[in-house]
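S.K.: The following block contains the structure, expressed as structure tokens.
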Amino acid sequence: MADKTQVSVVIPVYNEEANLPALIDRLIPVIRGLGKSFEIILIDDGSSDNSLALLKEYSQQEQIKIVELTRNYGQHAAILAGFSVCSGDIVITMDADLQNPPEEIPRLIQVMEEGSYDVVGTIRKGRRDSFLRILPSKLVNMVARKITGVSMNDWGCMLRAYRRPVVERMIECHEHATFIPALATVFGKRITEIEVGHEERHGGKSNYPLGKLINLQFDLVASFSDFPIKLIMYGGILMSFLGVCFGAVLAIARLAYGAIWAAEGVFTLFAILFVFVGLQFFALGVIGEYIGRIYLEVRKRPEYVIEHIHAKSS
Ligand code: UDP
Ligand code: MG
């Protein structure tokens, strides 16, 4: 029987045909250099380009396993699918676009082993992304720090190392719309962060247009806290208080200046009404977001469906 796998590298792939050859070329020597038994698990997250065909070729190599999902489930679900088939004691996640340099993996493992950490996160040093991409993630990092109470500096960087028990517990919680680095903080006790380099995307373009990005950030906030709904609640209380005060002012003015003055005020009231109706809709939207999640959980649909696992047949 083969030795137990010590290190698994889990990489989600969505339309990355331009990056896969360089990724494998750089990754394999680095992992071999560790002198540990390893496996590389690449998850095809419903790519529509040539990625899957390339991946199938790689699956002929001994230590490479390909997980083919039935459609695009998103980066985090794809990573979970990878977790479900990996067997390493230490599990590394990273992006396929080479923004996370594979050369940093040995240091990640070294820090984990020396400090016996459960999770080693990373902070992107000299981040090579556009301003529009960095600003929202700065905001999210701030909010995530507040709501999880874990003082991680960079939640978005996927180059991370997890110990087996943390990974197993993450697989067990059948959560939709999850955010792996945040979920890991629930299960990992000893957590640290190290600085790693960050590179430009090797090829292709980011799979996160603004809309998808906002969705992902909302996943992080809404899946891990009820902060948005509290915000609406307190906002609502404040608004109604102001509304009552304003109504009182109007009533007094009506008594003091008579009905003619009040008739002209009708439009003001309309304006106020619109503000409130708008707010109600906003509040309903947020509540709807939570109800949507309850619906998803109740349905218990699988987070992902694996079509096939490609590995060299022995
Ligand atoms: N990815 C995925 N499914 C998706 C979107 C992205 O598996 O629906 C993968 C993608 O192939 C890459 C990683 O997630 O390996 C990060 O994606 P990307 O580089 O587009 O994100 P960014 O670096 O802009 O945050
Ligand atoms: Mg990227």
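The values are calculated or read from the model by the stated rules, or taken from the named source; none is laboratory data. Since the model is a prediction, treat every value here as computed from it, not as a measurement. Note: ideal-geometry Cβ built from the backbone for every residue, glycine included; neighbour counts use all protein chains shown.
S.K.: (1) surrounded by fewer than 22 Cβ atoms within 10 Å (Cβ to Cβ); (2) in a helix (DSSP H, G or I); (3) small (Gly, Ala, Ser): which one isn't true of Ser87, the others all being true?
M.R.: Every condition holds for Ser87 apart from (2).
S.K.: Within region 164-190, take every residue that is in a loop (DSSP other than H, G, I, E, B) and surrounded by fewer than 17 Cβ atoms within 10 Å (Cβ to Cβ) and give me the one that is modelled with the highest pLDDT.
M.R.: Filtering first and then ranking leaves Arg190.
S.K.: Looking at Val7, Val67, Val13, Val85, which is the one that is more than 16 Å from ligand 1 (Cβ to nearest atom) and in contact (Cβ under 8 Å) with a residue 60 or more places away in the chain? Full working, then the answer.
M.R.: On the way: Val67 fails: more than 16 Å from ligand 1 (Cβ to nearest atom); Val13 fails: more than 16 Å from ligand 1 (Cβ to nearest atom); Val85 fails: more than 16 Å from ligand 1 (Cβ to nearest atom).
Testing whether each residue is more than 16 Å from ligand 1 (Cβ to nearest atom) and in contact (Cβ under 8 Å) with a residue 60 or more places away in the chain leaves just Val7.
S.K.: Taking the condition out of contact with any strand residue (DSSP E or B) (no Cβ under 8 Å at 6 or more places or on another chain), assigned to a helix (DSSP H, G or I) and without any contact (Cβ under 8 Å) to a residue 24 or more places away in the chain, does Gly247 pass?
M.R.: In short, yes.
S.K.: I need the full set of residues from region 88-129 which are more than 16 Å from Ile41 (Cβ to Cβ), away from ligand 1 (no atom under 15 Å from the Cβ) and of a type in the set (D, E, K, R), in order please.
M.R.: Result: Glu103, Glu104, Arg107, Glu113, Glu114, Asp118, Lys125.
S.K.: Turning to a different aspect of this structure: Which residue pairs have Cβ atoms closer than 8 Å, lie 6 or more positions apart in sequence or on different chains, and pair a first residue in region 199-219 that is within 17 Å of Ala177 (Cα to Cα) with a second residue that is more than 9 Å from ligand 1 (Cβ to nearest atom) and among the polar types (S, T, N, Q)?
M.R.: These pairs meet every condition: Asp219/Thr178.
S.K.: Could you list, in sequence order, all residues of region 109-136 that are small (Gly, Ala, Ser) and in contact (Cβ under 8 Å) with a residue 60 or more places away in the chain? First the steps, then the outcome.
M.R.: First, pick out the residues of region 109-136 that are small (Gly, Ala, Ser): 115-116, 121, 126, 130.
Gly115, Ser116, Gly121, Gly126, listed by residue number.
S.K.: Between Glu39, Glu16, Glu57, which is in a loop (DSSP other than H, G, I, E, B) and not hydrophobic (A, V, I, L, M, F, W, C)? Can you show your working first?
M.R.: Details: Glu39 fails: in a loop (DSSP other than H, G, I, E, B); Glu57 fails: in a loop (DSSP other than H, G, I, E, B).
None of the others qualify; the one that does is Glu16.
S.K.: Do we find that Glu193 is within 16 Å of ligand 2 (Cβ to nearest atom), at pLDDT 75 or above and within 28 Å of Lys138 (Cβ to Cβ) in this structure?
M.R.: no
S.K.: Could you check region 196-215 and list, in sequence order, the residues that are crowded, with 18+ Cβ neighbours inside 10 Å and modelled with pLDDT under 80?
M.R.: Leu213
S.K.: Could you pull out the residue among Leu139, Leu132 that is within 16 Å of ligand 2 (Cβ to nearest atom), assigned to a helix (DSSP H, G or I), exposed (fewer than 15 other Cβ atoms within 10 Å of the Cβ) and modelled with pLDDT under 90? So that I can check it myself, show each step before the final result.
M.R.: Numbers: Leu139 fails: within 16 Å of ligand 2 (Cβ to nearest atom).
Of the residues listed, the single one that is within 16 Å of ligand 2 (Cβ to nearest atom), assigned to a helix (DSSP H, G or I), exposed (fewer than 15 other Cβ atoms within 10 Å of the Cβ) and modelled with pLDDT under 90 is Leu132.
S.K.: Residues of region 43-64 being out of contact with any strand residue (DSSP E or B) (no Cβ under 8 Å at 6 or more places or on another chain), among the hydroxyl-bearing types (Ser, Thr, Tyr) and either buried (at least 19 other Cβ atoms within 10 Å of the Cβ) or touching a residue at least 60 places away in the same chain (Cβ under 8 Å) (or both), which ones? Spell out how you get there, then give the answer.
M.R.: Just the residues of region 43-64 that are out of contact with any strand residue (DSSP E or B) (no Cβ under 8 Å at 6 or more places or on another chain), to begin with: 48-50, 53-54, 57, 60-62.
Cutting the leftovers down to among the hydroxyl-bearing types (Ser, Thr, Tyr) gives us 48.
Of everything in region 43-64, nothing turns out to be out of contact with any strand residue (DSSP E or B) (no Cβ under 8 Å at 6 or more places or on another chain), among the hydroxyl-bearing types (Ser, Thr, Tyr) and either buried (at least 19 other Cβ atoms within 10 Å of the Cβ) or touching a residue at least 60 places away in the same chain (Cβ under 8 Å) (or both).
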